[in-house]
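The following block contains the structure, expressed as C-alpha cells.
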Amino acid sequence: MTLVFMEAPDDELSRQALTLAESLGAEVRAVSVDGPYAPSAWAAAIVDAAGDADIVGPGSDRGNEVLAHVAAQLDLPFAANVTEVRGDELTRIRWGGTLLEEARLHSPRKLLTAAPFAFAPSDGGREVATLSPSFGDAVRVVDHVSPETGGKVSLADAKVVVSGGRGVGSAEGFAILEELAQLLDAAVGCSRVVTSAGWRPHTDQVGQTGTKVSPDLYIACGISGATQHIAGCKGAKKLLAINADREATIFAHADYAVIGDLHEIVPAITAELRKAKG
Amino acid sequence: MVLTPDAQALETKHLGFTISPHEECGVEEAVRIVEAQGGEVVVLTLGPEEAAEQIRDCMAIGADRGIHLVSSEELDAQATASAIVDAVREEEPFDLLIFGNESADAGNYQVGIRVAYALGLPVVTGLKALSVDGGRARCEQEVPGGRDVYDVPLPAVVTVKEGINLPRYPSVPAKLRAKSKPLASKVVGRAAPRLEKLRLAVPEGARKQAQILGEGPAAAPRVVEVMRELGVA
C-alpha cells in the first residue's frame with residue numbers, strides 16, 4: 001500500500017502527489033489530518049496509519065515539513081520533490097527545479113514528496129480518510145496573523161503577475177508596473193536583485209527563496225532570468241518577457257517576447273488596454 | 001548550467017561560491033539577537049575546504065567563531081544531520097540552533113528537523129519572524145495567506161527563510177576582524193548514503209522558442225491581443 005498525505009482533498013499539489021503515488025503501482029490510500037497544525041503530531045498519526053506502507057506527500061512547505069518529521073520519526077531516508085520513481089531509483093529536483101538529481105534510495109520504504117507541477121493532478125472522487133492525531137505537548141500553531149493586503153490580490157493567487165527586475169532601475173520605476181497591474185487585477189512581483197537593493201519588500205519577491213507563483217500569465221519586465229528567479233515563476237502557464245537585451249536568459253523560458261525598453265513598452269501596453277476598454 | 005564530466009556536480013571552475021540566501025539570513029538573525037541580548041554566535045558548516053571562505057563571510061557579518069566540518073564529498077541529509085549533531089553536542093548548552101529552511105542546491109528540507117529529533121528539541125520551520133524573550137521563542141511561519149505563530153521553549157531548533165531580515169553588507173574593518181576570529185575544523189568521514197546521488201542532469205526541453213510579439217512600444221497592440229487570447233484582459 002501507498003499512503004498519501006493530503007493537505008486537503010481538493011488541494012492541487014496534494015492531487016499531484018496522488019498521481020505520483022498511483023505511479024508506484026500499489027494500492028493507494030489518501031489521508032488528511034484534523035485539528036491545529038502540529039507537524040510532529042501530524043507525522044505520528046500518519047506513521048501510525050501507514051503501517052509499513054510507502055508514504056507520499058505534496059511538495060509544498062507543509063508537505064515537505066510533515067514528511068521530514070515522518071522520516072525523522074522512522075529514521076529512514078526521505079526524498080523531497082521527486083519527479084519520477086523507477087524501482088529503487090528516482091529523479092528529484094535541485095536548485096529549485098533548474099537541475100535534476102538521479103538517486104538510489106536504500107530503504108525498505110519510500111518516503112517521498114512530489115515536485116510541484118511535475119505530475120498532472122489525479123482526478124477527484126477518491127475517498128480521503130481523516131486522521132485525528134494525539135497532540136500531547138507537541139509543538140503546534142497557537143495563532144495566525146494575516147498581512148494587510150489593502151484589498152490587493154496576493155502574489156500566490158494572482159491570475160496575472162507583473163514582475164520587475166534590475167532593468168526597472170529604481171523603486172520609483174515600479175509605478176508603471178503598478179499601473180499595468182491595477183488594470184489587469186494583477187499582483188506586482190520582483191526579482192531578488194530588487195529586494196536586495198531595497199526597492200521592494202521581500203514579500204514581493206518571486207523566486208527559489210521567495211514566492212513561487214503559478215499565474216495564467218507572468219510578465220517579466222527587465223528580468224534577466226537567473227535560475228533563482230526561474231525557480232519561482234516556472235509554474236506560470238505563459239510567460240511574456242520584456243527585455244532590452246536580446247541575449248537575456250529569460251527569453252529561453254518565455255512563450256512571448258517583446259524586445260526593447262520596458263519604460264516605453266509597459267506604459268504603451270497600459271494605454272492600449274485602456275483604449276480597448278474604452 | 002554546466003555539469004562536471006562525471007555529472008556529480010556543477011562545473012564551478014568559472015564560478016564563485018556563496019552562502020545560500022536562507023542561511024545568510026539565519027546568520028544575520030543570530031547576530032541581531034546576540035547584539036540585542038548578549039551571548040555568542042557560532043557558525044557551523046559542513047562542506048569542502050573552500051567553504052571556510054563562507055565561514056569568514058559570516059564572521060564579517062558578526063559571528064564570533066566558526067566550526068568547519070570538512071567533507072570533500074556531498075553527504076546525504078541523514079549523514080549531514082548526524083555530523084552536525086555530533087558537533088553541536090560538544091557545544092552544549094546553547095539557546096538556539098538556526099538553520100536555513102532548505103539548501104539552495106540539494107533542497108532536502110529535512111536537516112534541521114532531523115537534528116532537532118536527535119537532540120530531543122522542539123523545532124519550527126520556515127520562519128519569517130523570530131523574537132526571543134524570557135527563555136521562549138515566538139516564531140512566525142510563512143503559510144499561504146499569512147503566518148502561523150508558534151511559541152516554543154528554549155533551547156529550540158528553528159529554520160528560517162530569506163525575508164526574515166535584510167542581511168547587512170559587512171564593513172571593511174569587519175572583514176579584517178573576521179580573519180583573526182577562531183575557526184575550528186574537523187574532517188568528517190563518509191557514511192554509506194541512504195539517498196545516494198547517482199548523477200545530475202540538466203532538464204530537457206527547458207529551452208522554449210519564444211514568439212516575438214514585436215520591438216518597442218509598437219508591440220503593445222499585439223501584446224493586448226495575446227492577453228485577450230489568454231483570457232486575462
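No value in this document is a laboratory result; all are computed from the given coordinates. What you are looking at is a predicted structure, and each value in this text was computed from that prediction instead of being measured. Quick reminder, even Gly has a Cβ in these numbers, built from the backbone with ideal geometry, and neighbours come from all protein chains shown.
Please state the charge dipole magnitude for chain B, taken about the Cα centre, from unit charges on C-beta atoms (+1 on K and R, -1 on D and E), reported in debye and rounded to the nearest 20.
240 debye
Any idea what % of Cα-Cα pairs in region B:118-195 are farther than 18 Å?
Result for the distance tail: 64 percent.
Order B:89-100, B:50-61, B:110-121 from most to least packed using the mean count of other Cβ atoms within 10 Å.
So the order, starting with the most tightly packed, is B:110-121, B:50-61, B:89-100.
Give me the orientation-averaged projected area of the Cα convex hull of chain B, in nm², one decimal.
In nm², the orientation-averaged hull projection of chain B is 18.0.
Give me the log10 of I(q) over I(0) for the protein assembly as shown at q = 0.09 Å⁻¹, as the Debye formula computes it from C-alpha points; what are the numbers?
Scattering profile of the protein assembly as shown, log10 relative to I(0): -0.66.
Can you give the charge dipole size of region A:2-131 about its Cα centre, rounded to the nearest 20 debye, using +1 on the beta carbon of Lys and Arg and -1 on the beta carbon of Asp and Glu?
In total the dipole reaches around 240 debye.
Here's another thing I want to ask about it. In whole Å, what three semi-axes, largest first, describe the equivalent ellipsoid of region A:2-131 built from its Cα gyration tensor (square root of 5 times each eigenvalue)?
Its equivalent ellipsoid spans semi-axes of 20, 16, 14 Å.
For region A:160-277, count the residues as N, evaluate 2.2 N^0.38 Å, and divide the Cα radius of gyration by that value, please.
In units of the 2.2 N^0.38 Å rule of thumb, it is 0.94.
Which of the peptides A:158-165, A:199-206, B:159-166, A:8-15 is most tightly packed, and how do the rest follow, going by the mean number of other Cβ atoms within 10 Å of each residue?
Listed from highest to lowest mean packing, they are A:158-165, B:159-166, A:199-206, A:8-15.
Something else about it: Rounded to the nearest 500, what is chain B's calculated 222 nm mean residue ellipticity when only DSSP H runs of at least 4 contribute -39500 (n - 2.57) each, over all residues?
Value at 222 nm, helices only, nearest 500: -8500 deg cm²/dmol.
Here's a follow-up. Quick one: which residues, 5 or more positions from A:Val28 or on another chain, have an amide H under 5 Å from its amide H? H modelled 1.01 Å from N in the peptide plane, none for Pro or chain starts.
A:Thr2
Also, quick follow-up: Averaged across the residues of A:55-67, what count of C-beta atoms belonging to other chains lies within 10 Å of each residue's C-beta?
Taking the mean over all residues of the peptide, I get 3.
Explain nothing, just the number: relative contact order of chain A, from Cα pairs under 8 Å at least 6 residues apart, as a whole percent.
15 percent
Using Cα pairs closer than 8 Å and at least 6 residues apart in sequence, work out the relative contact order for region A:188-278, in percent.
Reported relative contact order: 21 percent.
What size of dipole, in debye to the nearest 20, comes out for the protein assembly as shown about its Cα centre when the only charges are +1 on Lys and Arg C-beta atoms and -1 on Asp and Glu C-beta atoms?
Taking the Cα centre of the protein assembly as shown as origin, the dipole is about 800 debye.
Hey, another quick one. Tell me the Kirkwood hydrodynamic radius of chain A in angstroms, computed as one over the mean inverse distance between distinct C-alpha pairs.
Hydrodynamic radius (Kirkwood, Cα pairs) of chain A is 20.4 Å.
What relative contact order, as a whole-number percentage, does chain B give when Cα pairs under 8 Å and 6 or more residues apart are counted?
25 percent
List the residues, sorted by chain then number, that are 5 or more residues from A:Gly235 or on another chain and whose placed amide H is less than 5 Å from its amide H.
A:Val213
Projecting each Cα onto the charge dipole of region A:47-97 (Lys/Arg +1, Asp/Glu -1 at the beta carbon, about the Cα centre), which of A:Leu74, A:Gly59, A:Ala49 comes out farthest on the positive side?
So the residue furthest toward the plus end is A:Gly59.
Counting only DSSP beta bridges with both residues in region B:21-187, what percent are antiparallel, rounded to the nearest 5?
DSSP beta bridges in region B:21-187 are roughly 40 percent antiparallel.
Continuing with the same structure: At 0.36 nm per residue, minus the direct Cα-Cα distance, what do B:Val143 and B:Ser185 gain on full extension? Give it in nm, one decimal, please.
Roughly 11.4 nm would be gained on extension.
With unit charges on the beta carbon (Lys/Arg positive, Asp/Glu negative), name the residue among A:Ala226, A:Ile259, A:Trp199 whose Cα is farthest towards the positive pole of the charge dipole of region A:173-267.
Checking the options against the dipole of region A:173-267, the answer is A:Ala226.
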